[in-house]
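The values are calculated or read from the model by the stated rules, or taken from the named source; none is laboratory data. Computed from a predicted structure; not experimentally measured. Please note: Cβ atoms are built from the backbone with ideal geometry, for glycine as well, and neighbour counts cover all protein chains shown.
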Amino acid sequence: MRSDDELLGAWATGDRDAGRDFYQRYADRVTRFFARKTQDELPDLVQRTFLKCLEAARKGEVGKPAALLFAIARNELYDQFTRRMTNAQRFTPEHTSLADLRTGISTQLARHADERLLAEALAQLPLDAQLALELYYWEELAMEDVARVLVTTQSAAINRVHRARKQLRDLLGDRERVAEALETRPLP
C-alpha cells in the first residue's frame, strides 16, 4: 500500500490513479469534518479542499498530507462562514460557535441520545475549540498535526484541547457517560 506522501506526490505529477486513491482514502473523513458543522455546499467544500491540496502539492507545500488536507478544510470552512456573515456580524473562529452561525449539527452524531447531547454541546463551543476536539478525538490526528491545522504551536494546541474539554464538560453537566468519552484519549 502506498503512503499518503507517495500518493499525493504522484497525483501532483499527473498520476490520476494515485489521485483517486488519495481521494478515496480521505473523502469520508473530510466530508464528515464538514458535515459536523454545515450541510451548505458540502460537495463543493470537499471538492475545493482536495483541489487546493493538489495545488499545494504541485507547489511542494505538503508536510504531512493529512494535516495539510485538514488545514485546507478548516480554511475553506472559515471562508464559507465569513461569506455567510452580514456586515454587522464578524466571524471569528475563536469566539463564534455553530449555534451563532445557525448551522445544523451533524446528523451522524444525532443517532443516539448521548451523541446528540455531545453534538449540541460541541455546537455551543467556539469553532476553534470544536475543531481542536474533533481533529484530536474523531480524526485522531497527532497533536503536532492538530497544531498545524489550527496554525498554532503544539503547546497552544494542547492547551486549546484541554480548555475545550473543560468547556464541554461544563456544558454537559451531569452527563457523565458522554464526559467520560472525552477521557479515553489522554492529552500528550
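From Ser97, Ser106, Ser3, grab the single residue that is modelled with pLDDT under 85 and within 23 Å of Glu140 (Cβ to Cβ). If you could, list the steps in order and put the result at the bottom.
Numbers: Ser97 fails: within 23 Å of Glu140 (Cβ to Cβ); Ser3 fails: modelled with pLDDT under 85.
After applying the criteria, what remains is Ser106.
Applying the criterion of being outside any helix (DSSP H, G or I) and among the acidic types (Asp, Glu) to the residues of the stretch 123-148, the residue that is surrounded by the fewest Cβ atoms within 10 Å (Cβ to Cβ) is Glu140. Name the residues in the stretch 1-45 that are closer than 22 Å to Ala123 by Cβ and of a type in the set (Val, Ile, Thr), would you? Those that are closer than 22 Å to Ala123 by Cβ and of a type in the set (Val, Ile, Thr): Val30, Thr31, Thr38.
Against the condition aromatic (Phe, Trp, Tyr), at pLDDT 75 or above and more than 30 Å from Ser3 (Cα to Cα), how does Phe81 come out, does it pass?
On the way: aromatic (Phe, Trp, Tyr): yes; at pLDDT 75 or above: yes; more than 30 Å from Ser3 (Cα to Cα): yes.
For Phe81, the condition - aromatic (Phe, Trp, Tyr), at pLDDT 75 or above and more than 30 Å from Ser3 (Cα to Cα) - is met.
Taking the numbered list (1) part of a helix (DSSP H, G or I); (2) under 20 Å from Ala10 (Cβ atoms) in turn, Ala73 passes all entries but (2).
The residue that is nearest to the chain's Cα centre (by Cα), among those in the stretch 149-188 that are part of a loop (DSSP other than H, G, I, E, B) and modelled with pLDDT of 90 or more, is Val151.
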